[in-house]
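Reviewing the structure listed below.
The values are calculated or read from the model by the stated rules, or taken from the named source; none is laboratory data. Every value quoted in this text rests on a predicted model; they were computed, and no experiment measured them. FYI the Cβ positions are ideal-geometry reconstructions off the backbone, even for glycines, and counts take in every protein chain you see.
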Amino acid sequence: MLRNRRILYATAFLRALATGMMGVLLGIYLARMAFTPSQIGLVISAGLAGATLAALLVTFAGDRLGRRRLLFWLAMLSALGGAAAAWYSSPVAVGIAAFVGMLNGMGRDRGAALVLEQAILPATATDQERTRAFAWYNVLQDIGHGVGGLLAALPSVLRMAGIGELASFQAAVMLYALLLFATAVLYLRLSAQTEAPPKQPLVVSPQSRKVLWRISLLFGLDSVAGGFVGTALLSYFFYQRFGVSESVIAVLFLGARGMNAVSHLGAAWLAKRIGLVNTMVFTHIPSSLLLMTVAFAPNFWVAAVLFLLREGLVEMDVPTRQSYVMAMVRPEERTFASGITHLVRLGGWAVAPSFAGFLMQFLTLSTPLFIGAGMKIAYDVMLYRAFRGLKPPEER
């Protein structure tokens, strides 16, 4: 299974490269094509709606249809959707391409492929190694997100070489499509061990159902909050508020993903000492407070420092919550559990950007920052109250 884990690490890294680049570029790219903030929000929502539909499919039929087959076709559709988004320029056409290709403008990979990969990953590690395996999985993603964010400077580099402005952005979007095509090729190398064992139709135990119902409702709240402050919208915020170029924003998000990567390893270390739930909550609340302060920054450099400090904390709940959910259900329920929790997250992400774009256009650029941060704090308080006494096996 080590070979399968390495393939999953590689596909996660490549997909993160693509997602990280698109997260930084998408809002700016659409703005350069004269899309309004409301139209930008709708395109982002369309892409996430497609991702939600795909997550729904893998949640309820992923094991039956075949994990490897679905991973391959998800990657192919994503690549084709990215290519179409580079080719067309009207809001309707780009919106359709975003939906079909599950275009992710959040800057973080949380799509249907992730559902299947996370259902496979726990079988490659013991209970004691599980959180660390998820931590490294997320570290590689964040390195990919960071380098992908740096790749968002590609249009600036191409313009220096004499390529037109629109063509330079289209070339970057085509690179996004090629990276996703490469993941499709890698999925063909996964072994049959990654498939779910043959079984009767899934029956979720009452205990697992209770946990999933409660935690999914909370994850839904957090995801709506996250949809207000996704990477594409934050990039647009920095671009409009401080007038910085996409190359400067690319470097900023490279630093942000570097902070995320370090924080994931820190989360695994901290969780061993204070527990998974405590690590999720006690690192997440300060990150939301820091996000609010970005709106008051007098210049880009102060805002950048505050934002980077926030990024050093905000992702510490990711490997810990993934590990927690996988630990609280039976092995045969993991695809379903991963799918349900990701489904509500994608659903929340899909809803929020269209509202955030509207608020940016008709109120202030910083309004989504306050709404998103406030909702995240409410989520953390409710999560702690609901799950502080429910321990995973390694903490009992």
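Just one of (1) of a type outside the set (S, T, N, Q); (2) buried (at least 19 other Cβ atoms within 10 Å of the Cβ); (3) modelled with pLDDT of 80 or more trips up Gly164, so point out which.
Tallying (1) of a type outside the set (S, T, N, Q); (2) buried (at least 19 other Cβ atoms within 10 Å of the Cβ); (3) modelled with pLDDT of 80 or more, Gly164 fails exactly one: (2).
Which count do you get for residues in segment 273-301 that are in contact (Cβ under 8 Å) with a residue 24 or more places away in the chain and not aliphatic (A, V, I, L, M)?
Counting residues in segment 273-301 that are in contact (Cβ under 8 Å) with a residue 24 or more places away in the chain and not aliphatic (A, V, I, L, M) gives 10.
Restricting attention to segment 186-211, which residues are modelled with pLDDT of 75 or more, farther than 18 Å from Glu117 by Cβ and part of a loop (DSSP other than H, G, I, E, B)?
Listed by number, the list holds a single entry, Ser205.
Taking the criterion of being over 22 Å from Gly389 (Cα atoms), hydrophobic (A, V, I, L, M, F, W, C) and crowded, with 21+ Cβ neighbours inside 10 Å, would at least one residue in segment 308-324 satisfy it?
Yes, the conditions are met somewhere in segment 308-324.
Can you tell which of Ala172, Ala153, Ala133 is aliphatic (A, V, I, L, M) and either surrounded by fewer than 16 Cβ atoms within 10 Å (Cβ to Cβ) or at pLDDT 85 or above (or both)?
After applying the criteria, what remains is Ala172.
Between Ala232, Ala171, which is in a helix (DSSP H, G or I) and either of a type in the set (Val, Ile, Thr) or under 19 Å from the mean Cα position of the chain (by Cα) (or both)?
Ala232
Filtering segment 236-281 down to residues that are hydroxyl-bearing (Ser, Thr, Tyr) and surrounded by fewer than 24 Cβ atoms within 10 Å (Cβ to Cβ), which residue is nearest to Gln361 (Cα to Cα)?
Tyr239
How about segment 209-223: which of its residues are within 30 Å of Ala31 (Cα to Cα) and over 13 Å from the mean Cα position of the chain (by Cα)?
Within segment 209-223, Gly220, Leu221 qualify.
So which residues in segment 324-349 are among the small types (Gly, Ala, Ser) and under 11 Å from Val204 (Cβ atoms), if there are any at all?
Correct list: Ala337 only.
Report every pair of residues separated by at least 6 positions or lying on different chains whose Cβ atoms are under 8 Å apart, first residue within segment 146-165 and within 19 Å of Arg108 (Cα to Cα), second among the acidic types (Asp, Glu) and in a helix (DSSP H, G or I).
Within 8 Å, the pairs are Ala152/Glu246; Ala153/Glu246.
Give Ser338, Ser288 a once-over and let me know the one that is small (Gly, Ala, Ser), under 22 Å from the mean Cα position of the chain (by Cα), surrounded by 23 or more Cβ atoms within 10 Å (Cβ to Cβ) and farther than 30 Å from Leu71 by Cα.
Ser288
Find all pairs meeting these conditions: Cβ atoms under 8 angstrom apart; at least six residues apart or on different chains; first residue within segment 193-214 and of a type outside the set (Lys, Arg); second residue outside any helix (DSSP H, G or I) and modelled with pLDDT under 75.
Gln193/Met1; Leu212/Val204
So is Leu346 in contact with a Lys or Arg (Cβ under 8 Å, 6 or more places away or on another chain) and either aliphatic (A, V, I, L, M) or outside any helix (DSSP H, G or I) (or both) or not?
So Leu346 fits the description; yes.
Considering segment 1-51 alone, what residues qualify as being of a type in the set (A, V, I, L, M) and touching a His at 6+ places or on another chain (Cβ under 6 Å)?
Ala16
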